[in-house]
1. How many of the residues making up the range 76-88 are in contact (Cβ under 8 Å) with a residue 60 or more places away in the chain and surrounded by fewer than 18 Cβ atoms within 10 Å (Cβ to Cβ)?
2. Can you list residue pairs whose Cβ atoms sit under 8 Å apart, with the first residue in the range 123-146 being modelled with pLDDT of 85 or more and the second being part of a helix (DSSP H, G or I) and among the charged types (D, E, K, R)? Count only pairs 6 or more apart in sequence or on different chains.
3. Here is a check on your reading of the model: is PRO46 under 26 Å from LEU145 (Cβ atoms), assigned to a loop (DSSP other than H, G, I, E, B) and in contact with a Leu (Cβ under 6 Å, 6 or more places away or on another chain)?
4. For the range 89-104, which positions are farther than 21 Å from ARG36 by Cβ, touching a residue at least 12 places away in the same chain (Cβ under 8 Å), assigned to a loop (DSSP other than H, G, I, E, B) and of a type in the set (Gly, Ala, Ser)?
5. Could you grab the pairs with beta carbons closer than 6 Å, sequence gap of 6+ or different chains, first residue in the range 156-182 and closer than 27 Å to MET144 by Cα, second one at pLDDT 70 or above and among the acidic types (Asp, Glu)?
6. Any residue at all in the range 15-33 that is within 19 Å of ARG114 (Cβ to Cβ), at pLDDT 90 or above and under 17 Å from the mean Cα position of the chain (by Cα)?
7. Given the options ASP63, ASP23, ASP52, name the one that is free of Cβ contacts under 8 Å to residues at least 40 places away in the same chain and of a type outside the set (Lys, Arg).
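The values are calculated or read from the model by the stated rules, or taken from the named source; none is laboratory data. Since this is a predicted model, take the numbers as computed values, not measurements. Every residue, glycine among them, receives a Cβ derived from its backbone with ideal geometry; neighbour counts consider all protein chains shown.
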Amino acid sequence: MLENATSVAHSIWSAERSALLADTLRLSPRLGSSVRLCVHGESMLPTLWPGDVVEIASCSLQDLRPGEIVLARREGRLFLHRLVAPCTPNGFLLRGDSMPGPDPLFSSEALLGRLVGSANQGRVGSAPALRPGFGVKWSRALGMLFCHCGVARRLALKLHSRRKASAREFRTPKGAAEMEAF
């Protein structure tokens, strides 16, 4: 019973956070700002990895092109997936790079913004796989491998977590904390 109560409380808290984020992005065209978020899911592998920090800026449906990564909200949950097809009056379709099929149709009000940058291992940039074009096709092909081959997905996640750990270790070598104390 405690697990159920904790799960419900977490869902309510997540829904409130996503609503606050939605309000912030809807106001940002007037303010000229963007938000940074930490990626938690694996649906956009290999383009976006769990723990990546991404920057999202508000935009309109008319500004989007298929292949761009957009942030949408449905039922209190956030989805950071690729736009699959041009937007229609009925809504738009998204799909994660390592997902077998598209998400259900999103209403046009669900759009919060587009991905404008990613900060990984201390550098900010927009990799080719973040922009529409050849990088998207390559990322999508590798994503399909991760979608249908659990061993490849687990191996890639394990290698990625080791690479991140070694990068953290490189940035803060042993003894650095001791040296700062003096």
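1. Here the count works out to 2.
2. Taking only residues 6 or more apart or on different chains, the pairs are PHE146/ARG153.
3. Taking the combined requirement at face value, the residue satisfies it.
4. SER98
5. none
6. No, there is no match, as no residue in the range 15-33 is within 19 Å of ARG114 (Cβ to Cβ), at pLDDT 90 or above and under 17 Å from the mean Cα position of the chain (by Cα).
7. Only one candidate passes the filter, namely ASP23.
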